[in-house]
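Okay, handing you the structure first.
The values are calculated or read from the model by the stated rules, or taken from the named source; none is laboratory data. This is a predicted model, so every value here is computed, not measured. For neighbour counting, all protein chains shown are included, and Cβ atoms are generated from backbone atoms with ideal geometry for every residue, glycine included.
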Amino acid sequence: MSLSLAEHPFSNLARQAGKMMDQMQKGFYVYSSDTWTPNVNLYETATTYLVCVDLAGVEKEKIDVEVADQRLRLRGARAVPTYEPEEPPAAPPAAREPARRGAKSGRAGAHEGDGGRTAGHPPAAADRGEHPEPHGHKMRVHLMEIDHGPFTREVELPPDADRAGITATYRNGMLWIEIPKT
């Protein structure tokens, strides 16, 4: 296959060693502001080169693909993953009853007089003088291996690549770049 990465032959080993070092540093809560490099698969058919880039969690609008100097350049950013709990489905109107004094409210295990807390759970962050994170959750990070922040990746184009015919499709967290052959 004549499609090649624009990198040194041992760059994959160096990238893996760098990731291991980042993970060890992240275990001690030292976060780097450098860019990260998404993983890439390269494929070839009789008429096309295909580049598959793993960009799970990256918003489509935050991906920039350009061709310059016989290289395909990818840039963008991925936000820090955040947990957003799903809203429980609303009960049908006939099943809803107004809360009575001393009766259970609409939240399971929450009783009048408990400050809206669920039974068996600690006081809300606001009760302790803390500011809650989005959705009222305060989380402590124990391990963070998912890369986030800005990313860059370059792939060298082969001489027979039809630069004008390059197309890209983003689905299910994978960016597929189709490069027709001339």
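Within the stretch 96-107, does at least one residue satisfy the condition of being of a type in the set (Lys, Arg), surrounded by 11 or more Cβ atoms within 10 Å (Cβ to Cβ) and at pLDDT 70 or above? Don't jump to the end; show me each part of the working.
First, the residues of the stretch 96-107 that are of a type in the set (Lys, Arg): 96, 100-101, 104, 107.
Pick out the ones that are also surrounded by 11 or more Cβ atoms within 10 Å (Cβ to Cβ) and you get 104, 107.
Remaining after also requiring at pLDDT 70 or above: none.
The answer is no; no qualifying residue exists.
Residue-by-condition table, conditions (1) modelled with pLDDT under 95; (2) more than 18 Å from residue 69 (Cα to Cα); (3) outside the structural domain of residue 47 (by TED's automatic domain parsing):
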position	(1), (2), (3)
130	yes, yes, yes
165	no, no, no
172	no, yes, no
176	no, yes, no
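Just to be sure before I move on: is residue 114 at pLDDT below 60, in a loop (DSSP other than H, G, I, E, B) and not hydroxyl-bearing (Ser, Thr, Tyr) in the structure I sent?
On the way: at pLDDT below 60: yes; in a loop (DSSP other than H, G, I, E, B): yes; not hydroxyl-bearing (Ser, Thr, Tyr): yes.
So residue 114 passes the test.
Same structure, new question: Hey, can you tell me all the residues within the stretch 47-86 that are farther than 14 Å from residue 169 by Cα, among the charged types (D, E, K, R) and in contact (Cβ under 8 Å) with a residue 12 or more places away in the chain?
The answer is 71, 73, 75, 78, 84.
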